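A.B. asks: Encoded as structure tokens, here's the structure I'll be asking about.
Throughout, read-outs are computed from the coordinates displayed, never taken from laboratory work. Remember, it's a predicted structure, so these values are computed and weren't measured experimentally. Using ideal geometry, Cβ is built from the backbone for each residue, glycine included, and neighbour counts are taken over all protein chains shown.
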Amino acid sequence: MGRRTLRPTKISGVNGEEYGASFALNGIAHFMDKKTILALVLMGLVILLMGPYQKKRMSQRTAETAKQEQSAASGDTEPRSIPATPRPVVSTPPGVSSEPGLSRSLPAPDFTPAEIVLENEYVHGVISTEGGTVRSWQLKTYRGKEGIADVELLAEKSRGLCLFIWNQELGAWEDLNKVEWKDRSTSEEVRLVANLGAGREIEKIFTLPPNAYHAEMRLLFRGFESGTRYRICWLGGMAVTEKNIKDDVRAMQVRTYMGGEVEKYDLKKGKPLHSPSVVGALDWVCLRNRYFAIALIPATGRESTFRVSGPSWDGVSCKSYDVFLESTIGEAREAKWTVYLGPQSYADIAALGVGLERAMDLGWRWIRPIGKVMLAVLTAMHRVISNYGIVIILFSIMIKLIVSPLTHSSYKSTNKMQEIQPLISELKEKYKGDAQRLNKETMKLYKEYGVNPVGGCLPMLLQMPILFALFTVFRNTIEFRQAGFIPGWIDDLAQPDPFYILPVLMGLTMFIQQKMTMKDPKQAAMVYIMPIMMVFFFIRFSSGLVLYYTLFNVLSALQQWLMKRHTLA
């Protein structure tokens, strides 16, 4: 098999949900009653269980989708359309399969396929003259599963940018992925030409900008009538790239952006996936795992028909998706695509300007803006400090300094609440039969002594969304993938602590902090129970998040000790 290397140098380019739940209960146990603490614990459990619930909901949606596809196969071949694009789509003629795998393959002459290497400083791609398809795409800037080789994005059976053309005379799709594409490449671009006979010819042109993860693809159609249908397909999904195979496979999905909405398609255990055809102005379709993405982006935003399918998944092996994008040949006989094959780096994919950053998992809608800010701050600090572990430590100190005025106010409010507890008890005894009068007199007492009854909760309320945002940032963003802190102990801040040292330290710091603030002997049991519960929660969380929260607890305990000392003085 021949191989040719091409390094374009003159093209200018663009630079490139298991949801966890835990929140800051520290510093409030001493003024909360048992019912309040129990309510907070139950809230945490509900949020922790939201992940499985959402998975169940997605499974139900997948089942409904499968039923729709079966209905279409039995005779209803009208695709589902996006409201913004009501123009009807041409459906598959009766008796003709819509599956490319069952299409008519052109007779392939005997030839020896050659491989053309498309390469820049970031990527090493391989395109075969058999079908003109992408067979390999390695990222030089990221290490593989074992931390040594470049990351390979294509699975063994993956075939990227496959092409099918509709033959009206035959009433079938012509499979162009086994025919020979003649190499007409130059020093600046890969040019592959397929001669289909009868004066018909298709040319694929690939260009690779320097310092970029995306390639540009042009299709030139010669000898075809305007309106002829063609399909660009990505078959076989993408590769597992992480050592933690289970988490990486679970994250594998197909996402589309159409009509301003992101749709998710996910294989479920024991269930094949056959989505209905969707028609609309497609912005992009993206295959993704936990950290990397393969996205097909039409340059013109023309109306396309999208469909995705996948075989039944066993719950263990790699998910395999087949993505089909159907369009028609325009008057210009030319189609342009941007193909992104790279990391889910917010800066890189946002620079493409097509909203591909929406394919990233940054938490719930109300958490995403906070997550973006947290990620921007952490990456900015990393430009100065190379060790992300030290960055997290400094970030914890910074967040603590920001919320320390609220903590101080909370401490004062809590002390005042303790001082007026005897007066509140008297009011309860005096107005025990009149709840309305009791509430009125209690609020009057709060006002007289300048007490805010919810003041002690303010640090917790601020800390909770920060923790949720950091959970998704540390777990799902590629910046923390394989980012080490202490060699031999924490080699990947995105993964749980393998020795459970950090979760145990976090539990100890929480215990010490609650012990310092406990004033009601009736709540002594919670001082022991809550840290143990939190340890079991945090054992599964990324070590980056546990490091942040542990240090935050230490700083909170130190602040409380200083405030208490100042009060006594």
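A.B. asks: If I model segment 372-568 as equal point scatterers sitting on the Cα atoms and use the Debye formula, what is log10 I(q)/I(0) at q = 0.09, 0.16, 0.17, 0.18 Å⁻¹?
C.D. replies: -0.44, -1.05, -1.13, -1.22
A.B. asks: For segment 381-469, state which trypsin sites (Lys or Arg not before Pro) are in a DSSP loop and have at most 16 other beta carbons lying within 10 Å of their beta carbon.
C.D. replies: Listed in order of number, the matching sites are Arg383, Lys432.
A.B. asks: Continuing with the same structure: Contour minus end-to-end for Met518 and Ser425, with contour as 0.36 nm per residue of separation and end-to-end as the Cα-Cα distance?
C.D. replies: Between Met518 and Ser425, full extension yields 31.5 nm more.
A.B. asks: A follow-up question, please. From the square roots a ≥ b ≥ c of the eigenvalues of the alpha-carbon gyration tensor of segment 241-305, which class results: rounded (a/c under 1.5), prolate (a/b over b/c), or oblate?
C.D. replies: Oblate shape, in that a/c is at least 1.5 and b/c is the bigger or equal ratio.
A.B. asks: Calculate I(q)/I(0) for segment 336-404 by the Debye formula, one identical point scatterer on each C-alpha and no solvent, and give its log10 at q = 0.15 Å⁻¹ to two decimals.
C.D. replies: For the requested q values the scattering log ratios are -0.63.
A.B. asks: Then there is this: Multiplying the sequence separation of Glu169 and Ala198 by 0.36 nm and subtracting their Cα-Cα distance, what value in nm do you get?
C.D. replies: Stretched out fully, the Glu169 to Ala198 stretch lengthens by 9.2 nm.
A.B. asks: Further question on the same structure: At 7 Å along the Cα-to-beta-carbon direction for both His408 and Asn244, put a label point, then send me their distance in nm to one decimal.
C.D. replies: Placing both labels 7 Å beyond Cα along the Cβ direction yields 3.9 nm.
A.B. asks: May I pose another question? Sorted from largest down, give the three principal axis spans of the alpha carbons of segment 104-359, whole angstrom values.
C.D. replies: Dimensions of segment 104-359 along the principal axes of its Cα atoms: 51, 41, 36 Å.
A.B. asks: Still on this structure, I have one more. I need the phi-derived Karplus couplings for segment 400-412: 6.51 cos²θ - 1.76 cosθ + 1.60, θ = phi - 60°, integer Hz, Gly and Pro marked x.
C.D. replies: So the J values, rounded to whole Hz, are 5, 5, 5, 8, 4, x, 5, 5, 4, 4, 5, 4, 5.
A.B. asks: Jot down the radius of gyration and Dmax of segment 150-290, Cα atoms only, both in angstrom.
C.D. replies: Looking at segment 150-290, its Cα Rg and Dmax stand at 17.7, 52 Å.
A.B. asks: In segment 303-353, what trypsin sites (Lys or Arg not before Pro) fall in a loop by DSSP, with at most 16 other Cβ atoms inside 10 Å?
C.D. replies: Those that pass, being in a loop and sparsely packed, are Arg333.
A.B. asks: Which whole-number percent gives the relative contact order of segment 372-568, counting Cα pairs below 8 Å spaced six or more residues apart?
C.D. replies: This gives 26 percent for segment 372-568.
A.B. asks: DSSP loop GluC sites (Glu not before Pro) in segment 141-243 with at most 11 other Cβ atoms within 10 Å of their Cβ, which ones?
C.D. replies: Passing both the DSSP loop test and the Cβ count: Glu146, Glu156, Glu169, Glu225.
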